[in-house]
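Let me begin by presenting the structure, written as C-alpha cells, before commenting on it.
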Amino acid sequence: MNKKYISKILLVMVACIIAYLFLLPLMFMVFTSFKGTAEAITSTSLLPRQWTLENYVELFKNTETAPIMQWLFNTCVVTVGGTVLRITTSVLAAYALARLEVPGKKFIIIGLIWAMSIPEIVTFFPLFYIFKEIGGLNTFWPLILPSGSGVMCIYLIYNFLKGFPKELEEAGLVEGANIFQILWHIVLPSVKPVVITQAFITFLGLYNSYLWPSLVISRNETRTITLGIAALVLGENYTDPGMMMASTVVSVVPVMIIFMFANKYIVKGFTQSGIK
C-alpha cells in the first residue's frame, strides 16, 4: 500500500468526521422529534429508545394554538412574493446599468456599493413607522415590499452581464426584436444559473427571517414559520423538546426539497457570478 493511497484514506476519514460534526445537530433535531416528552427531556442518547409519532400528530392536530400549515402557507406567500419581486427589479435594474445609457451610471454603481455597507437593521425603524402610518402592520405587505431592494442581487447580476457578449443581443436587434424580447429570450436564458442562485439566496433569507417579521407581525394567523416556531419555544410548549424539534423538521423539509431541485443551478451560479 503506497503513501498516496494511505493519504487518500486519511483524507476521506477526516472529511467523514467533519461531515458528522456538521450533521450532528441536524441528526439530533430529527431523532429528538421521534422521542416522547419524558425521553426527550431526560435522555442523553442520540437515538430514541422508543420511536413515536406523537409529536407530529399533536403538532398537526393542535391547529388552534399552533396552526403550522397556516404558518407554512403564510411563509410561502411571503417568500415567493418577495423573491419574485426582488429578482424582477434586480434583473431590470442590472440590465439597464449594463446595457442602457443611464444618466449618472457611475454614481449609481458607487451608490450600490455604498448601500451594501449599510446594516439592514438601521432601516427597520423608518420602515416600521411607514407601515404603521399606512396601516400595513399584521399584513404580508411589510414582509414582501422591502424585499424589492436587492442591492447585492443587482450588483452581482450586473457584473455577470458586463461579461456577457453583446453580439447575441445585436443579432436580436437585427432580427427586429425589441429590448424586452431580447431580455426575455436571449439574456435571461443565459443568466439563468445566476438568477436562480440569487433567487435561492433571497428565498432562504426571507424564509429564515425573524427579527423584522417579529416587529410587524403579532397575530397568530399571520405568522410565518419562524415566528410560529419561536412562539412554540417561548410559549407553553417550551418544556417539550420533541414538539419543538418536530416543528423544526417540518419547516426544514420545503427548503431541502427546493435545494435538491435547484442544486445544479446554484453551483453554476456561484461559479459564474464570481461568488467566493
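The values are calculated or read from the model by the stated rules, or taken from the named source; none is laboratory data. Everything numeric in this text was worked out from a predicted model, so none of it was measured. Every residue, glycine as well, gets a Cβ built from its backbone with ideal geometry; the counts of neighbours run over all protein chains shown. Just so you know, the surface numbers come from the protein's heavy atoms only, side chains and all, with ligands and any DNA or RNA stripped out. Shrake-Rupley method; radii C 1.70, N 1.55, O 1.52, S 1.80 Å.
If you take the residues in the stretch 146-159 that are under 20 Å from LYS106 (Cα atoms) and not β-branched (Val, Ile, Thr), which one is most open to solvent (accessible area, probe 1.4 Å)? Spell out how you get there, then give the answer.
Going through the stretch 146-159, the residues under 20 Å from LYS106 (Cα atoms) turn out to be 149-159.
Narrowing further to those that are not β-branched (Val, Ile, Thr): 149-150, 152-153, 155-156, 158-159.
Numbers: SER149: 81, GLY150: 4, MET152: 101, CYS153: 6, TYR155: 58, LEU156: 24, TYR158: 24, ASN159: 68 Å².
My answer is MET152.
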Fill in the blank from the handout: So, first residue over 18 Å from VAL252 (Cα atoms) and open to solvent by 80 Å² or more (accessible area, probe 1.4 Å) in the stretch 60-88, second residue of a type in the set (A, V, I, L, M, F, W, C) and not in a loop (DSSP other than H, G, I, E, B), Cβ within less than 8 Å, six or more apart or across chains; the pairs are THR63/MET69
Completion exercise
Flagged pairs (Cβ under 7 angstrom, 6 or more apart or on separate chains; first in the stretch 15-30, under 25 Å from LEU53 (Cα atoms); second open to solvent by less than 60 Å² (accessible area, probe 1.4 Å) and part of a helix (DSSP H, G or I)) are MET29/MET245; MET29/THR248; MET29/VAL249; VAL30/VAL249
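Based on this model, can you work out whether VAL84 counts as closer than 30 Å to TYR158 by Cα, touching a Leu at 6+ places or on another chain (Cβ under 9 Å), aliphatic (A, V, I, L, M) and not in a loop (DSSP other than H, G, I, E, B)?
On the way: closer than 30 Å to TYR158 by Cα: yes; touching a Leu at 6+ places or on another chain (Cβ under 9 Å): no; aliphatic (A, V, I, L, M): yes; not in a loop (DSSP other than H, G, I, E, B): yes.
No: the conditions fail for VAL84.
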Completion exercise
Across the stretch 193-232, the tally of residues that are among the aromatic types (Phe, Trp, Tyr), touching a residue at least 40 places away in the same chain (Cβ under 8 Å) and under 21 Å from MET29 (Cα atoms) stands at 1
Practice task
Name every residue in the stretch 18-47 that is open to solvent by less than 100 Å² (accessible area, probe 1.4 Å), farther than 18 Å from MET244 by Cβ and part of a helix (DSSP H, G or I), in order of residue number.
Solution key: ILE18, ALA19, LEU23
Completion exercise
Given the conditions (1) farther than 20 Å from ALA94 by Cα; (2) at pLDDT below 85; (3) open to solvent by 70 Å² or more (accessible area, probe 1.4 Å); (4) in a helix (DSSP H, G or I), every one holds for THR239 apart from (4)
Practice task
Sort out which residues of the stretch 160-192 are open to solvent by less than 70 Å² (accessible area, probe 1.4 Å), touching a residue at least 24 places away in the same chain (Cβ under 8 Å) and within 20 Å of ILE113 (Cβ to Cβ), and write them in order of number.
Solution key: PHE160, LEU161
Completion exercise
By residue number, the members of the stretch 89-102 that are surrounded by fewer than 15 Cβ atoms within 10 Å (Cβ to Cβ) and modelled with pLDDT of 85 or more are LEU92
Handout entry: Residues satisfying the stated conditions in the stretch 120-160, i.e. under 18 Å from the mean Cα position of the chain (by Cα) and not in a helix (DSSP H, G or I)
Key = PHE140, SER149, GLY150
Problem - Pair list, Cβ under 7 Å, 6 or more apart: the stretch 132-143 residue under 8 Å from VAL216 (Cα atoms) and open to solvent by 50 Å² or more (accessible area, probe 1.4 Å), other residue in a loop (DSSP other than H, G, I, E, B) and aromatic (Phe, Trp, Tyr) - result: none
